[in-house]
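The values are calculated or read from the model by the stated rules, or taken from the named source; none is laboratory data. None of these values were measured; they are calculated from a predicted model. As a convention, Cβ positions derive from the backbone with ideal geometry for all residues, glycine included, and neighbour counts pool all protein chains shown. Protein only, heavy atoms only, side chains kept; ligands, DNA and RNA dropped before computing areas. Shrake-Rupley method; radii C 1.70, N 1.55, O 1.52, S 1.80 Å.
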Amino acid sequence: MTAMAEPQSTPSPWSLTTRVIVYAAIGAALYAVFNWISFAIQIPGAESVSVRPHYGLLTFFGFAFGPVVGFLTGFVGNVVGDQLTGWGAFTSPHWSLANGLAGLIAGLFPIWMASRMTSVGSKALTAAVAGVVATVIGFLVIFLGLVLTPELDVNTILTTEYIPVVIANSIAAAIVTPILVLAWEPISAQMGR
Amino acid sequence: MRAAFAYLGRGSWLARRDPRSILLAAFFFVLGAPQVRDSRHLVLILAAAVGYYLLAGIPWRAVRRQWLLLVVVIGAVATINALITGGQSGGFADADTHVLLTLPPFGTEVSAEGISLIVTQVLRFGAIAAVGFPVAYAIAPGDLGPALRQLRLGDRMPVMVDLTVRFIPTLSTEFGETIDAQRVRGFDPLRAGGSPMTRLRRLAPLFVPVTVGSLTGAEDTIDAMDLRAFGVGKRTWYRKLEMDTASWLVVGAFLLFLFVATSLNLSGQSEHYLLPFLVP
Amino acid sequence: MTPRVTEPIAVVEGLTFRYRRGSQPALRDIWLEIAPGEVLLVAGPSGCGKSTLIRALNGLIPHSYHGDLTGSVRIAGHPTDTTPLRGLATLVGTVLQDPTRQLVASTVPAELTFGPENLGVERDEIGRRLVGVAAASGLAPLMDRTTDELSGGESQQVAIGGALMLEPRLLVLDEPLANLDPAAAHRLLALVRRLADAGTAVVIVEHRIEDVLDARPDRALYLEQGATRYLGSMDGFLATADPTTVKLPFYTWMSRARAASAAPSVPSPPDARRPQPEYAPPRLEWRRVEAGYDGRTVLHDVSAILGARERVAVLGPNGSGKTTLFKAAIGLRPLTKGEVLVDGEPTVGRSVADLAATFGYVFQNPSQMLFAPTVRDELLFGPRNLGHDPAGFDALVARALGRVGLAGEPEIESRPPRTLSHGQQKRLGIAVALALQPRTLVLDEPSAGQDYRSATAFMREVERIAGLESVYFVTHDVDLALTHADRVLLLRDGRIAADGAPSEVIADRELWRACNLRETSLMEANLRWGGRSGRFLGPETLAAMVVTERTTPGS
Ligand SMILES: Nc1ncnc2c1ncn2[C@@H]1O[C@H](COP(=O)(O)OP(=O)(O)OP(=O)(O)O)[C@@H](O)[C@H]1O
Ligand SMILES: Nc1ncnc2c1ncn2[C@@H]1O[C@H](COP(=O)(O)OP(=O)(O)OP(=O)(O)O)[C@@H](O)[C@H]1O
Ligand SMILES: [Mg+2]
Ligand SMILES: [Mg+2]
């Protein structure tokens, strides 16, 4: 008999396939490990201005493997990462949520922009834009801190948390995401199943 | 340096409890603690939290450095917050603040209220961290998945979390290998200086190989799972966790705390406390 | 030898498969029947389609890898293309090459139960199997370990256990021996044999054929470019296979050599062109060195001196500290005691990169350092970090690529390094080291993951590299070590167990075995006939010599 094994109709970007789970797990683990290492070699307190390459990793995983992988990488990665550094898995749930949302939003761009990403260059550019937009929107969630830390007010969160972190993360996203996209592109093209 | 969830609390009283109780305890506590504003209450809560922490029997040597970093970070964060708001936030809003001194260059005011708020936050975060530690160190490796499963998180998410925890030591070892390989080529991972952009670009030799390498390796992991029929249907969980009385007691205690904290908060009986000895 | 006459467990009929992204078929018209209790060895050069055949047997093709498939594969009568993976999972158990990637649970018991859990097997039934498998595959001592603590050999053992938990009737193993020390490999193969005797059919892909003989394979399948070159009895295979492409026992070389000796030309031994080693002056010296990883001491009181014009092989069990030994030497691991001297000077205060200019260090897995967009940038990363003069870069790149035989590749300089084949990446790893113009090359597992021909050619090329004074290499391949080294260092539990010329070191067989090393046929043959030359000869050379000197061979 002869069988032309068709590439199965690409599953919805929201389904939890084995591939999604493995990529998400690896993304989350990498995110936690990178975060842990930059924490270990970091000047304490300088958190907000520190260089955070792991954040760009998160937006890359979202952008390259879809919203679900992006969300899980950010959310689980941050929960596990906070646990690893001793800060505590649930100590700042809104930060985990923010990271998750950022990854998720970054993962939506390829779906919206599929038509625009004709060349590798345009893809890298889209990735950078996606990373920044995802950060700016996703991290609005940290204003939940008003509830979780009553000592804070909107103004404080804005000036001491939202703005500095969004700036630091946007830089990381804008630089790291395209680098990883460009590095991964040729390899994935070769590996595909 | 190798990142991993060491099972440091092995054999301790808390480690013998059902991991679900440890997870729920931390969860309830994080919901409850922020509702407590009075630093006098928080002192008691911190004491209780430390007591709970000690039940996990985590050797001090192993986590000393972590605690140190935490205290510094918490202190710094709280201080910055307080200085920015100058005590004008939280329960002290629109109270006329008792300024102790003003700092150059911006003439930032250091007020009794501000310091009170710092103390409050340090106490609270310290307590939260103490209750959080056992999650990392008193849950047996491999029990996290079943625990999440029995907390009704479905079949796949627990496996995903388990997989994440399982990959952390592997990836951090590979990360170390990559750092070594690049140092041999004259690369200095700790080199400072330059704008954030340049510093990020300079780190590419570390995060590119580790990321790409783990993604190519993922193909094997995916095959290994597909070949053992992962995700094809309802899953059995061989490891079955039992809540014993003591575990219920732990959950009960933290639930009670959440209840008390919430009711005090709603009835407005938990306001910020201005440390009297600070008032000139 | 002959498989029992029963229903075949696997039937492959006219199988041809081309990967969706592949230019030509990876498998061409394969016909194969596998009987219960049979052990089938699958061999062939890298890229010949071995892994693809494995994927076709376990159903990943066509369920997970897509492409053009013609012909059919039936497992116990079930066509793989219409039977879902969950159905095939209970029939075929698979063990992949990379031990760290295929273990998906945090603990050994969780890893073992993973399969049956996914299939919704009853808990007490899983418990029953757990006990059985643990006993059958000798996993009992590992049951309380976490998977990240396992050594390479233990990981493979657990992976097999995980496959057995589904009680498969066919077990397929893809290069299970890569990176295992000979003793670990032997244990693994003994387990395979036991399973076969218990009725499980086994397909094992392996380059290390002499080792695989421990599992007493019933038949061999030899592939080239996806097509069957040989399928039949093991004896027939040993008699006909080309000993330069797969690693065969020495006596097979003898028969070939006898045939060849009729022909006029006897291959001139490459070994003969080797200059006699000069041991002095010392290049690298460890003085009572102690080193390890955060708190855990791995090297204990190690003292040794390696010459500047020496080829030294370091052998030892998995985890004995071979890699750590050289990492400590170039400053990648801090010394807790003792000191390291390079060219007579203590290395304290010298940077890693500085030392790397003396020692070109090639890691066990070179791809874990490849990051640059192009091969050229990859090669120049080191020189740029060390502020070398850009004027010489073009020449530098050309020379480095030329020396590892990559210069011929089309547009090699502009290719993304990670898109090179595994073997090419390994060569690139050396080129990267050579770009810093070292005088000594340190190779960690040069042969791992390469087929026999590439591995041996690889070592010969390295020895020919101009301007290279010495080569120190870590390996599990006994023959590679004995034939390419003037000196052998045996490491055991982080201590130097022996140090000397190959012939001296292997004299103590007790120690040899205690270091998890095996007595290979080539080693025996060298002792028997190669004695006069003092140095160990490669199989080709030795066989030719023996035959031409009409020494009566007796295999
Ligand atoms: N996913 C894939 N997509 C496209 N081509 C592939 C894929 N996997 C393998 N190939 C190609 O199919 C051929 C056979 O590959 P395969 O991995 O089966 O060889 P192998 O005998 O296992 O080699 P090795 O001994 O190096 O593992 C090779 O030319 C390879 O480049
Ligand atoms: N990054 C690391 N962190 C902690 N321990 C390590 C690390 N790398 C190696 N080890 C441990 O140090 C010991 C020696 O490791 P090493 O890699 O030197 O052994 P090896 O002889 O090279 O083994 P193999 O033949 O498997 O490569 C092993 O027990 C290993 O578990
Ligand atoms: Mg293969
Ligand atoms: Mg090694």
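Residues of region C:339-352 being in contact (Cβ under 8 Å) with a residue 40 or more places away in the chain and farther than 14 Å from C:LEU284 by Cα, which ones?
Once the filter is applied, which keeps residues that are in contact (Cβ under 8 Å) with a residue 40 or more places away in the chain and farther than 14 Å from C:LEU284 by Cα, region C:339-352 yields nothing.
Do you know which residues across region C:20-59 are within 12 Å of ligand 3 (Cβ to nearest atom) and more than 14 Å from chain A (Cβ to nearest Cβ)?
Residues satisfying the conditions are C:VAL42, C:ALA43, C:GLY44, C:PRO45, C:SER46, C:CYS48, C:GLY49, C:LYS50, C:LEU53, C:ILE54.
Could you pull out the residue among C:GLY153, C:GLY161 that is away from ligand 4 (no atom under 16 Å from the Cβ), open to solvent by less than 20 Å² (accessible area, probe 1.4 Å) and in a helix (DSSP H, G or I)?
Answer to the selection: C:GLY161.
Tell me which residues, restricted to region A:132-178, are polar (S, T, N, Q) and part of a loop (DSSP other than H, G, I, E, B).
A:THR149
Taking into account only those residues within region B:28-63 that are surrounded by 20 or more Cβ atoms within 10 Å (Cβ to Cβ) and either among the small types (Gly, Ala, Ser) or in contact with a Cys (Cβ under 6 Å, 6 or more places away or on another chain) (or both), which is farthest from the other protein chains (Cβ to nearest Cβ)?
Per the criteria, the residue is B:ALA56.
State all residues of region C:364-387 that are at pLDDT 90 or above, facing chain B (nearest Cβ under 10 Å) and outside any helix (DSSP H, G or I); if no residue qualifies, say none.
Scanning region C:364-387 gives C:LEU370, C:PHE371, C:ALA372, C:PRO373.
Does region C:389-403 include one or more residues that are assigned to a loop (DSSP other than H, G, I, E, B) and either within 16 Å of ligand 3 (Cβ to nearest atom) or touching a helix residue (DSSP H, G or I) at 6+ places or on another chain (Cβ under 7 Å) (or both)?
Checking region C:389-403: not a single residue is assigned to a loop (DSSP other than H, G, I, E, B) and either within 16 Å of ligand 3 (Cβ to nearest atom) or touching a helix residue (DSSP H, G or I) at 6+ places or on another chain (Cβ under 7 Å) (or both).
Residue-wise test of (1) buried (at least 22 other Cβ atoms within 10 Å of the Cβ); (2) within 16 Å of ligand 1 (Cβ to nearest atom).
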{"site": "C:LEU60", "(1), (2)": "yes, yes"}
{"site": "C:ALA89", "(1), (2)": "yes, no"}
{"site": "C:THR94", "(1), (2)": "yes, yes"}
{"site": "C:THR100", "(1), (2)": "no, no"}
{"site": "C:ALA105", "(1), (2)": "yes, no"}
{"site": "C:GLU111", "(1), (2)": "yes, no"}
{"site": "C:GLU117", "(1), (2)": "yes, no"}
{"site": "C:GLY127", "(1), (2)": "no, no"}
{"site": "C:LEU130", "(1), (2)": "no, no"}
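Pull up region C:318-363, narrow it to residues that are part of a loop (DSSP other than H, G, I, E, B) and under 19 Å from the mean Cα position of the chain (by Cα), then point me to the one that is nearest to ligand 1 (Cβ to nearest atom).
C:PHE363
Within region A:129-159, can you find the residues that are of a type in the set (A, V, I, L, M) and within 12 Å of another protein chain (Cβ to nearest Cβ)?
Across region A:129-159, the qualifying residues are A:LEU144, A:LEU146, A:VAL147, A:LEU148, A:LEU152, A:VAL154, A:ILE157, A:LEU158.
For region A:168-181, what are the residues that are of a type outside the set (Gly, Ala, Ser) and more than 9 Å from every other protein chain (Cβ to nearest Cβ)?
A:ASN169, A:THR177, A:PRO178, A:VAL181
Tell me which residues, restricted to region C:337-382, are open to solvent by 50 Å² or more (accessible area, probe 1.4 Å) and within 16 Å of ligand 2 (Cβ to nearest atom).
C:GLN364, C:ASN365 - these are the residues of region C:337-382 that are open to solvent by 50 Å² or more (accessible area, probe 1.4 Å) and within 16 Å of ligand 2 (Cβ to nearest atom).
Out of curiosity, is A:GLY121 open to solvent by less than 20 Å² (accessible area, probe 1.4 Å) and closer than 30 Å to C:PRO416 by Cβ?
No, not satisfied.
With respect to C:ARG518, is the statement that it is open to solvent by 40 Å² or more (accessible area, probe 1.4 Å), under 27 Å from the mean Cα position of the chain (by Cα) and modelled with pLDDT under 80 true?
It is false that C:ARG518 is open to solvent by 40 Å² or more (accessible area, probe 1.4 Å), under 27 Å from the mean Cα position of the chain (by Cα) and modelled with pLDDT under 80.
Pairs only if they're at least six apart or on different chains, beta carbon under 7 angstrom, first in region C:516-530 and within 21 Å of C:HIS186 (Cα to Cα), second open to solvent by less than 40 Å² (accessible area, probe 1.4 Å) and outside any helix (DSSP H, G or I); list them, first residue then second.
C:ASN516/C:ASP181; C:ASN516/C:PRO317; C:LEU517/C:LEU315; C:SER521/C:PRO249
Taking the conditions exactly as written (at pLDDT 95 or above and either surrounded by fewer than 24 Cβ atoms within 10 Å (Cβ to Cβ) or touching a Phe, Trp or Tyr at 6+ places or on another chain (Cβ under 8 Å) (or both)), does A:THR73 satisfy them or not?
yes
Among the residues of region A:93-123 satisfying the criterion of being out of contact with any Gly (no Cβ under 8 Å at 6 or more places or on another chain) and among the hydroxyl-bearing types (Ser, Thr, Tyr), which is nearest to A:ASN169 (Cα to Cα)?
Checked region A:93-123; the qualifying residue nearest to A:ASN169 (Cα to Cα) is A:SER122.
Being within 9 Å of chain C (Cβ to nearest Cβ) and closer than 17 Å to C:ASP98 by Cβ is the filter; apply it to region B:168-177 and report the residue that is most open to solvent (accessible area, probe 1.4 Å).
Per the stated criteria, the residue is B:THR173.
Rundown of residues vs (1) modelled with pLDDT of 95 or more; (2) under 20 Å from B:GLU177 (Cα atoms); (3) more than 14 Å from ligand 2 (Cβ to nearest atom); (4) open to solvent by 40 Å² or more (accessible area, probe 1.4 Å), yes/no style:
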residue	(1), (2), (3), (4)
C:ASP294	no, yes, no, yes
C:THR297	no, yes, no, yes
C:ALA308	no, no, yes, no
C:SER320	no, yes, no, no
C:ALA329	no, yes, no, no
C:LEU332	no, yes, no, no
C:LEU335	no, yes, yes, yes
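Taking region A:86-107 as the search range and keeping residues that are open to solvent by 10 Å² or more (accessible area, probe 1.4 Å) and in a helix (DSSP H, G or I), which one is nearest to the other protein chains (Cβ to nearest Cβ)?
Residue satisfying both the conditions and the ranking: A:PRO93.
If I filter region C:207-214 for residues that are away from ligand 4 (no atom under 16 Å from the Cβ), within 13 Å of the chain's Cα centre (by Cα), of a type outside the set (Asp, Glu) and within 14 Å of another protein chain (Cβ to nearest Cβ), do I get at least one hit?
Taking every residue of region C:207-214 in turn, none turns out to be away from ligand 4 (no atom under 16 Å from the Cβ), within 13 Å of the chain's Cα centre (by Cα), of a type outside the set (Asp, Glu) and within 14 Å of another protein chain (Cβ to nearest Cβ).
Does any residue in region B:215-228 that is farther than 21 Å from C:GLY87 by Cα come within less than 6 Å, Cβ to Cβ, of a residue that is among the basic types (Lys, Arg) six or more places away or on a different chain, and which pairs are these?
B:GLY217/C:ARG101
Test C:ILE30 against the criterion of being more than 25 Å from C:ASP197 (Cα to Cα) and open to solvent by less than 10 Å² (accessible area, probe 1.4 Å), and give yes or no.
yes
If you scan region C:60-89, which residues turn out to be under 14 Å from B:ASP226 (Cβ atoms) and away from chain A (no Cβ under 13 Å)?
C:GLY87, C:LEU88
Does C:ARG101 satisfy the condition of being within 16 Å of ligand 3 (Cβ to nearest atom), closer than 30 Å to B:SER214 by Cα and without any contact (Cβ under 8 Å) to a residue 60 or more places away in the chain?
The answer is yes for C:ARG101.
Taking region C:431-489 as the region of interest, how many residues are more than 14 Å from chain B (Cβ to nearest Cβ) and within 16 Å of ligand 3 (Cβ to nearest atom)?
The qualifying residues number 8.
Is there a residue in region C:452-464 that is open to solvent by less than 10 Å² (accessible area, probe 1.4 Å), away from ligand 2 (no atom under 16 Å from the Cβ) and not hydrophobic (A, V, I, L, M, F, W, C)?
No, because not a single residue in region C:452-464 is open to solvent by less than 10 Å² (accessible area, probe 1.4 Å), away from ligand 2 (no atom under 16 Å from the Cβ) and not hydrophobic (A, V, I, L, M, F, W, C).
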